[in-house]
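Everything on this sheet refers to the single structure shown next.
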Amino acid sequence: MSGWDEGGVYYSDQAHSWRDGRGGTDDPEAAASRHSVLQKLKEFIRGFETDKNVFPYRESLVHNPKSLLVDMEDLDAFDPDLPSKLRSAPADYLPLFETAAAEVLVSLRSKVAGETGEMEDPVTGDVQVLLTSREDPVSMRFLGAQYISKLVKIAGIIIAASRTKAKATYVTLICKNCKNTRQVPCRPGLGGAIVPRSCDHTPQAGEEACPLDPWIIVPDKSKYVDQQTLKLQENPEDVPTGELPRNILLSVDRHLVQTIVPGTRLTIMGIYSIYQAANSTASHKGAVAVRQPYIRVVGIEEANEANSRGPAAFMPEEIEEFKKFAAEPDVYKNICSKVAPSIFGHDDVKKAVACLLFGGSRKSLPDGVKLRGDINVLLLGDPSTAKSQFLKFVEKTAPVAVYTSGKGSSAAGLTASVIRDNSSREFYLEGGAMVLADGGVVCIDEFDKMRPEDRVAIHEAMEQQTISIAKAGITTVLNSRTSVLAAANPPSGRYDDLKTAQDNIDLQTTILSRFDLIFIVKDVRMYSQDKIIASHIIKLHASAGLASSDSKVSKEENWLKRYLQYCRTECHPRLSESASTLLQNNYVKIRQDMRLQANETGEAAAIPITVRQLEAIVRLSEALAKMKL
């Protein structure tokens, strides 16, 4: 352990350093035990079976030779002392595991003819072993010194992801005096390589000896893997009352790089390690032995699969179930009954929300103009008519959704802001709510309380579906293909029947015409209806505590989410001939009626009927077609 605080990270000897003369060769017992562990691991990958003659790990190696996902429970069932070894010294045994996997892979492949015609083993790359387990995650607050270089499992939300960097695994050095080269292994994670001080070349007669520190690094001849650092923040529900959430640094490498976007909730398995912070302040410069903790990730599980941005994999039986559901005659009614089931009535709003979730189809015209396929809905009306509940439901159900409130969001927070990086002093863009929800839904509550200059920022995002930015030397266009679901109150707080519709809706026509559907939700006082609503609410409150129905509800929600995803990826309907003529005639007729009415009463209608409304009807019909696949 000598000199452990000069390089920056305390580490245990890596697997690849056993064969190069240092490490464990002088200790035959350690070498023997390592060899037996290696044999056991190879046996596990080759011979572990779940059912009779089903070898999951062998199969997955053949299908995906790059990485292997190992369940700790299976390892425990195969040999009880392997998981404990992995847990206590993961930095020692994980490289062994990867060596074992690579060797098994070579033996599973058929031999190929070499250049000389001899049959030889095919060359395979490294295999990355990823671990998963069913144990409970530890809280981030309890990670202390006793966990260092042990395997831990924690859950949280990714809040930031860095750019991908190249990290050397082997560094090639060359002596500047005698041109002698050697390879030095590099520690995984955020550690560096330890460069020897002196050259081991013995000088010939008449040659000058190599000086101290003669080595120069040759970057082109070194070997690299991808590496990325992430920031993990603990889940909001785990934070104690009145405290700020903690976060911790993660480092991921090879095939885990760039699989995760910020905002994802996940559970990770990793090795809790330490590194010397580069930019440690002057007060810490003297403290040689103070280190920053970070976690080297060796396995990732996403908490809710439906939220991930990756391509969703659907099982054949799932697809069959979806098709069967879509073939039923009243599929539209069924979907509407699944939308916000705890809210009574408001059937039209539910239908609109269902259409919004499914969305129309985007079209690109030959001259490069893109027509939007997303449906925007505005709910306007009295307080206590469950407007915010609809927004919350959509946020839970849509595959990608962002929920903001009107007063608390600024133009930069909705579109994008330019931020200066602390370390490199460069400007970079950080996307706001509309950019983060690309391909999903933005729910804006209290839409009427927004400042007018902030509301203008949404105009472009709602019709052109892009956000253009020219600030601080950055000129760019960001995509924001989102649907907008907004809820607003009339200016006087309640909907006033004595005023005209124009005075009640206190928004400009420019933004109103961008909404496809506008609902005026009134709180009507009717004896029969009030009675039904009251009984419905009492029933909800009475039956809320039953735990048995909880799992069923979440299953329903998940099912709707999956069905949504399936429809959005698989189905892109277009209008038929007869439908287009019908829509055309109706639109012309409505415009005529509007003109007559304006001539008679002498004032224009509150909500103008423009070409956008025609497009809206087209989008709605596409959404209805999508529901039926």
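The values are calculated or read from the model by the stated rules, or taken from the named source; none is laboratory data. Since the model is a prediction, treat every value here as computed from it, not as a measurement. Reconstructed Cβ throughout: ideal geometry from the backbone, glycine too, with neighbour counts over all protein chains shown. Each accessible area value is taken on the protein alone, full model and side chains, heavy atoms only, with ligands, DNA and RNA left out. Shrake-Rupley method; radii C 1.70, N 1.55, O 1.52, S 1.80 Å.
Computed quantities for the displayed model
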| read-out | value |
| --- | --- |
| Accessible area in the full protein assembly, largest first, 1.4 Å probe, for ARG362, ARG291 | ARG362, ARG291 |
| Relative packing of 525-534, 244-253, which averages over residues the other C-beta atoms within 10 Å, highest first | 244-253, 525-534 |
| Cross-link partners of LYS628 among lysines (Cα-Cα below 19 Å; sequence separation of 8 or more within a chain) | LYS323, LYS324, LYS333, LYS338, LYS350, LYS351, LYS561 |
| Packing-based order for 609-619, 265-275, using average beta carbon neighbours within 10 Å, highest first | 265-275, 609-619 |
| Radius 14 Å from Cβ of ARG46, net charge of other residues (Lys, Arg +1; Asp, Glu -1) | -2 |
| Peptides 484-496, 74-86 ordered by average Cβ neighbours within 10 Å, highest first | 484-496, 74-86 |
| Surrounding net charge for LEU371, when Lys and Arg each add one and Asp and Glu each subtract one, Cβ distance under 14 Å | +3 |
| Where VAL239, VAL290 fall by accessible area, highest first, once all protein chains stay in place (1.4 Å) | VAL290, VAL239 |
| Kirkwood Rh and Cα Rg combined as Rg over Rh, evaluated for region 451-536 | 1.14 |
| Within-13-Å neighbourhood charge of ARG254 [Cβ basis; K, R +1; D, E -1] | +1 |
| Largest-first ordering by accessible area, 1.4 Å probe, given options PHE447, PHE427 | PHE427, PHE447 |
| Under Karplus coefficients 6.51, -1.76 and 1.60, residue-wise ³J(HN,Hα) of region 168-185 in Hz, glycine/proline x | 6, 9, 10, 9, 8, 10, 10, 7, 6, 8, 9, 6, 7, 10, 8, 10, 10, x |
| 25 Å Cα-Cα threshold exceeded, pairs from LYS66/LYS167; LYS370/LYS407; LYS165/LYS223 | LYS370/LYS407 |
| Loop GluC sites (Glu not before Pro), region 35-93, which have at most 13 other Cβ atoms in a 10 Å radius of their Cβ (DSSP) | GLU49 |
